[in-house]
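First the structure, in the form of structure tokens, and then the observations on it.
Derivation of every value follows stated rules applied to the coordinates shown; laboratory data play no part. All values derive from a computational prediction rather than experimental measurement. So basically every Cβ, Gly included, is an ideal-geometry build from the backbone, and we count neighbours across all protein chains shown.
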Amino acid sequence: NAGVTQTPKFQVLKTGQSMTLQCAQDMNHEYMSWYRQDPGMGLRLIHYSVGAGITDQGEVPNGYNVSRSTTEDFPLRLLSAAPSQTSVYFCASSYSGGENTIYFGEGSWLTVV
Amino acid sequence: SQQGEEDPQALSIQEGENATMNCSYKTSINNLQWYRQNSGRGLVHLILIRSNEREKHSGRLRVTLDTSKKSSSLLITASRAADTASYFCATDGMDTGRRALTFGSGTRLQVQP
């Protein structure tokens, strides 16, 4: 099983550019989420989804959009990149039942110059 | 806001020694989980302890939970160089209403061979 797959692994953007981080999972998980990780900090929740067609904001949603058209995919869009969005981004998924053990992708390193 | 705060922020020990990391949190929880992150990789689930449990073991890992003090500890016994990683506690809060964990800032563990 591939688990949670994120692309791209690395990306450099210029301020003001837009881009989409792709995320796909093959475990038929209902719940998916995006986190960002900054140096010396834990992971902060950007957006999450409890199922296809349903999304909601997390702790730090500003500057990001998400959509969930299928169970498998949960892309994260940066609308107009800013240097403050330089970070490592992690996509994650989990079952709707159970105890909310989360499965993470390998991360996407984004630099905004 | 950060729910879990780990202590210490960094820990360096010799192979064979035990490593203890602590986590404090602020709100009532359903469970508390520990994750490991190797450098440049995603997070991997290690162990989960429910709010009605006080101690749990998994191989060389021992987790304790004190809900009255809102704290948890992770003990890695007989450490190995391969245990070198960052360790994060994460809480599944009762008040969030969503299936997304709240992470602490992590403990960086260095195990010297």
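When the C-alpha atoms of the protein assembly as shown are aligned to their principal axes, what extent does each axis show, in angstrom, from largest down?
Here the spans come out as 48, 36, 34 Å, largest first.
Would you kindly state the longest site-free stretch of chain A, with sites defined as trypsin sites (Lys or Arg not before Pro) in a DSSP loop (not H, G, I, E, B) surrounded by at most 14 other Cβ atoms within 10 Å?
Result for the longest clean stretch: A:15-113.
I want to verify a result. In a Gaussian network model of chain A, Cα cutoff 10 Å, which of these has the top mean-square fluctuation: A:ALA82, A:ALA92, A:ALA24?
A:ALA82
What trypsin sites (Lys or Arg not before Pro) in segment B:45-94 are in a loop by DSSP, with at most 12 other Cβ atoms within 10 Å of the Cβ?
Counting only loop positions with at most 12 other Cβ atoms within 10 Å, the trypsin sites (Lys or Arg not before Pro) in segment B:45-94 are B:ARG54, B:LYS69, B:ARG80.
What are the ³J(HN,Hα) values, in whole Hz, obtained from phi via the Karplus relation 6.51 cos²θ - 1.76 cosθ + 1.60 with θ = phi - 60°, for each residue of segment B:83-93 in sequence order, with x given for Gly and Pro?
Once θ is set to phi - 60°, the couplings for segment B:83-93 become 7, 4, 4, 9, 10, 10, 8, 9, 10, 9, x Hz.
Tell me, what is a quarter of the convex hull surface for the C-alpha atoms of chain B, in nm² with one decimal?
Mean projected area for chain B: 6.7 nm², to one decimal.
Taking 1 over the mean of 1/r across every pair of different Cα atoms in chain A, what Kirkwood radius in Å do you get?
13.9 Å is the Kirkwood radius here.
What residues qualify as long-range amide H neighbours of A:TYR31, i.e. H under 5 Å apart, gap of 5 or more or another chain, H built at 1.01 Å from N?
The answer is A:SER94, A:SER96.
If you take the Cα atoms of segment A:36-98, find Rg, then find the Kirkwood Rh from the mean of 1/r over all pairs, what is Rg/Rh?
Computed over Cα atoms, the ratio is 0.97.
In square nanometres, what is one fourth of the surface area of the convex hull spanned by the alpha carbons of segment B:7-46?
4.1
Between segment A:1-67 and segment B:40-97, what is the separation of their alpha carbon centroids in Å?
24
Tally the DSSP beta bridges in the protein assembly as shown and give the antiparallel ones as a percent, rounded to 5.
Restricted to the protein assembly as shown, the bridges split so that about 90 percent are antiparallel.
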